[in-house]
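Here is the structure we will look at.
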Amino acid sequence: MRRVTAGELLAELATVWAGTSPLEAVAAVLGLAYLVLVILQQRVGWLAALGSTALYLVVFWRARLYMQAALQVYYLAMALYGWHAWRRRADGGELPVSRASLRVQAAGLAAILVASAASAAWLARETGSSAPFLDSLTTWASVFTTWLVARKKIDNWAWWLVVDVLIVVLCWRGRLYPSMILYLLYLGLVLLGWRSWYLDMRRQTPALEAAT
């Protein structure tokens, strides 16, 4: 593979940025806002997610990326679910940060691998995708990990770390450098989110023990 120079990378970034539609730019900003607000465990983050995914649904549909558009429909549903799940309870409390059981995560991994194998075979046969399995794996893993976020499972950050690294590789192989840089930024935010939720979970534990 030919080595890409810094000048070529910057030139491609400038070209892509100039061609970015206002709709896509707003969707990206709302997506970043969602991640930051989720790190802070702010329920309003799900409204940012709702706006971002609604806009991306239009963007991907116009681009005839129908599978990605379909994924946005799932994200819309999860944004509504997250908004409901993170509501303040009748006793004034909120959904606490907790861990997902190994059984749940093992079942999630098994489902991801089965779904990825099936969709990768379809992509390779029908679309000539350049990376059918990696594309499928990151998509289905994102579906499961988003559910972990909505349930405030701290394990979601470990899952996102792996998923985002794989997407960075996918973007690099596809020469999608702006998206690659965005996901590198996500990696930093994932580490911040993991630490923030971990500290909050430690603070919650003594309070929960005192209440029992």
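Fewest neighbouring Cβ atoms within 10 Å first, the residues Met180, Met201 line up as Met201, Met180.
Were the residues from Gln42 through Val143 laid out at 0.36 nm apart, the gain over their Cα-Cα distance would be 34.3 nm. Packing, as the average of other Cβ atoms within 10 Å across residues, places the peptides 109-115, 130-136 in the order 130-136, 109-115, highest first.
Spin-label pair Arg173-Ser21: with each label point 7 Å from Cα along the Cα-Cβ axis, the two points sit 2.8 nm from one another. For the stretch 98-212, the square roots of the Cα gyration tensor eigenvalues, ordered a ≥ b ≥ c, give a/c of at least 1.5 with a/b no greater than b/c, which places it in the oblate category.
Along the stretch 149-154 the Karplus relation, 6.51 cos²θ - 1.76 cosθ + 1.60 evaluated at θ = phi - 60°, assigns HN-Hα couplings of 4, 4, 8, 6, 8, 4 Hz to successive residues, with x for each Gly and Pro.
Read-outs: derived from the displayed coordinates by stated rules, not from any lab. Everything quoted here is computed from the prediction, not taken from an experiment. Glycine gets a Cβ as well: all are built from the backbone with ideal geometry, and neighbour counts include every protein chain shown.
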